[in-house]
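Scroll down for the structure; my scribbles are underneath it.
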Amino acid sequence: MARPQARYACQQCGTVHAKWTGRCEGCGAWNSLIEEQPREGPPSGLGKRSLGKERRSGNSVGFVGLTGPTMLPSRRATGIAEFDRVCGGGFVAGSAILVGGDPGIGKSTLLLQAGAAIAAQTSAAYITGEEAIDQVRLRAERLGVAGSSVLLAATSNIRDIIASLDRDDAPDLVVVDSIQTMYLDTLDSAPGTVSQVRGAAQELIRVAKRRGFVLILVGHVTKEGVIAGPRVLEHMVDTVLYFEGERGHRFRILRAVKNRFGATDEIGVFEMSEHGLIEVPNPSALFLSGRAAPGTEDEPVGSGGDQLSGSAVFAGMEGTRPVLVEIQALVAPAVLGTPRRAVVGWDGTRLAMITAVLDARCGLSLGANDIYLNVAGGLRIVEPAADLAVAAALVSALTETPVPGDTVVFGEIALSGDIRPVGHTEARLKEAAKLGFGAAWMPMRQSRAPARSRVGDARLDIMAVGHLKEVVARLSPAEPYRRGFREIAQ
Ligand code: TYD
Ligand code: MG
């Protein structure tokens, strides 16, 4: 019998090639092809052979209408509110969740805490292929959950794991840390390769569906920020969560990027402490920490003078929750030929667009300057509503005129320089008022905006901005601007 021919699978995108090449034709990645032996037969039931047989003797499918008795999925909440919200209100029985994140960010910590929380209600198992039992026990002690009834196992053999889980009394939650260490002995390739990761995940997900337990897979993230190995893993699971944060910061953010059972724009905010992850129910205070509280005349730290120029507080939304976050900009004359653009926590293309609008529509040229833009606290902002706050920080940095410390800013900038309205105005203003801010620069509303808007018990001074020029004028020290920007804005 002829030996099955070798094939080469890209470890980035999963494309299969007949020949080895230096560069994957699927995704363009270099050096990502690894030889994989096709398996002789499927490891269990689902391979080509059994599929073929079913196809020959297929049964006709019974179609049904869209209306009919439906059951809402039953959910199990961990009691860790920040985690539950991201999952859409708790784990859905029989679902598979992938938690991705950089090494050392706190995935194992988070999931051991979640496991302990579920074990306190029903039963949970934590299977580690990365650490020894002793290490996990030490961590449990540190987290104060050593007394919990979590079932612990250190193995990476999928066959053994399946044998232990494919039974009536399977635990309600199973954490597998991490999927890259798991090993299916019916496949030739090494753990962590596309076919291993895919095969192992497939087997685990199938048992989870059959036995109705919640399966949480931990996945490593590569330098490029995608889950190591195949993107296909993201398609196989019901929910994909990313656990992110800056190494130097204590804040960690859990973000849903896919959720078949809930919204994807929610975030959960945690703080890494000596004793594990602590929930942060009020993230605004966190992202603004280090800033002088609005309305107080705090002693400037360090250099003195205009310490706040180049900074603006953005009133943003993360899912259903308003979050205030400081945006910092630094603008300096470029010393080398091509000016640098360094952006942390925001989209570089969007920054290029805003500098272009500032140039073309407001006559403010940043072309010869290096620009550094930073979203404080390690948050990553994707909302276009941050445009105006970014522009305000840039202009403020350039003119060395601070945005008033008690002001929040939000609004989307169009290519014409007009400021477009954004959603959730009330929620943004309310959060600002709650944290003691006294003013807001925001898009003009459709209806006539009152100069002072009552939000809850507090009052906010509203500057309704129609065009970006008005913000430039407000932040420009030159005499004609001082007299009020309306005139120069025609
Ligand atoms: P870990 O959960 O092992 O990360 P991952 O599984 O994502 O690789 O977390 C490791 C880091 O968290 C490590 O640098 C130590 C820190 N840590 C704390 O600061 N406090 C704690 O209570 C624990 C358990 C970990
Ligand atoms: Mg870990």
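Observations, loosely collected:
- Complete set of residues in region 267-285 that are in contact (Cβ under 8 Å) with a residue 40 or more places away in the chain and closer than 23 Å to residue 116 by Cβ: 267, 268, 269, 270, 272, 274, 275, 276, 277, 279, 280, 281
- Total residues in region 255-273, condition over 24 Å from residue 104 (Cβ atoms) and aliphatic (A, V, I, L, M): 1
- Any hit, region 176-191, residues being part of a strand (DSSP E or B), at pLDDT 95 or above, buried (at least 19 other Cβ atoms within 10 Å of the Cβ) and not β-branched (Val, Ile, Thr): no
Residue-by-condition table, conditions (1) outside any strand (DSSP E or B); (2) more than 9 Å from ligand 1 (Cβ to nearest atom); (3) of a type in the set (Val, Ile, Thr):
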site: 98; (1), (2), (3): no, yes, no
site: 110; (1), (2), (3): yes, no, no
site: 127; (1), (2), (3): no, yes, yes
site: 130; (1), (2), (3): yes, no, no
site: 139; (1), (2), (3): yes, no, no
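- Flag for residue 283 being modelled with pLDDT under 80 and over 30 Å from residue 164 (Cβ atoms): no
- Extreme residue, modelled with the highest pLDDT, among residues of region 199-239 that are of a type in the set (A, V, I, L, M) and part of a loop (DSSP other than H, G, I, E, B): 237
- For region 255-286, filtering for residues that are in a loop (DSSP other than H, G, I, E, B) and either surrounded by 17 or more Cβ atoms within 10 Å (Cβ to Cβ) or of a type outside the set (Gly, Ala, Ser) (or both) leaves 11.
- For region 165-180, the set of residues classified as within 16 Å of ligand 1 (Cβ to nearest atom) and farther than 17 Å from residue 218 by Cα is empty.
- All of 73, 103, 69 fail the test of being within 16 Å of ligand 1 (Cβ to nearest atom) and surrounded by fewer than 19 Cβ atoms within 10 Å (Cβ to Cβ), apart from 103.
- As a summary of the residue check, residue 123 satisfies the conditions (1) crowded, with 21+ Cβ neighbours inside 10 Å; (2) more than 13 Å from ligand 2 (Cβ to nearest atom) except for the one numbered (1).
- Single residue of region 244-255 satisfying the filter (hydrophobic (A, V, I, L, M, F, W, C) and at pLDDT below 90) that is farthest from residue 217 (Cα to Cα): 251
- Within region 410-431, restricting attention to residues that are under 24 Å from residue 351 (Cβ atoms) and among the small types (Gly, Ala, Ser), the residue that is surrounded by the most Cβ atoms within 10 Å (Cβ to Cβ) is 411.
- Pair list, Cβ under 9 Å, 6 or more apart: region 409-420 residue without any contact (Cβ under 8 Å) to a residue 40 or more places away in the chain, other residue in a loop (DSSP other than H, G, I, E, B): 412/383; 412/421; 412/422; 420/411; 420/414
- Residues that are more than 17 Å from residue 201 (Cβ to Cβ) and either away from ligand 2 (no atom under 16 Å from the Cβ) or surrounded by 14 or more Cβ atoms within 10 Å (Cβ to Cβ) (or both), drawn from region 126-144: 126, 131, 136, 139, 140, 141, 142, 143, 144
- Where a residue in region 377-389 is outside any loop (DSSP other than H, G, I, E, B) and its partner, wherever it lies, is among the acidic types (Asp, Glu), with Cβ under 8 Å and at least six apart: 377/326; 378/244; 378/246; 384/412; 385/412; 387/412; 388/412
- Of everything listed in (1) over 21 Å from residue 315 (Cα atoms); (2) of a type outside the set (A, V, I, L, M, F, W, C); (3) within 16 Å of ligand 2 (Cβ to nearest atom); (4) buried (at least 18 other Cβ atoms within 10 Å of the Cβ), the single unmet condition for residue 252 is (1).
- The residues of region 23-37 that are among the small types (Gly, Ala, Ser) and at negative phi, listed by number, are 26, 29, 32.
- Options 199, 192, 147, 212: the member that is away from ligand 2 (no atom under 16 Å from the Cβ) and at positive phi: 212
- The lone exception for residue 161 - which of (1) in contact (Cβ under 8 Å) with a residue 40 or more places away in the chain; (2) within 16 Å of ligand 1 (Cβ to nearest atom); (3) in a helix (DSSP H, G or I) it fails: (2)
- Residues of region 157-181 satisfying the condition of being away from ligand 2 (no atom under 13 Å from the Cβ) and out of contact with any Phe, Trp or Tyr (no Cβ under 8 Å at 6 or more places or on another chain): 159, 160, 161, 162, 163, 164, 166, 167, 168, 169
- Just one of the numbered conditions (1) out of contact with any Ser or Thr (no Cβ under 6 Å at 6 or more places or on another chain); (2) within 14 Å of ligand 2 (Cβ to nearest atom) is not true of residue 154: (1).
The values are calculated or read from the model by the stated rules, or taken from the named source; none is laboratory data. Predicted, not measured: the structure shown is a model, and the values here were computed from it. Cβ coordinates were reconstructed from backbone atoms using ideal geometry, including for glycine residues, and neighbour counts include every protein chain displayed.
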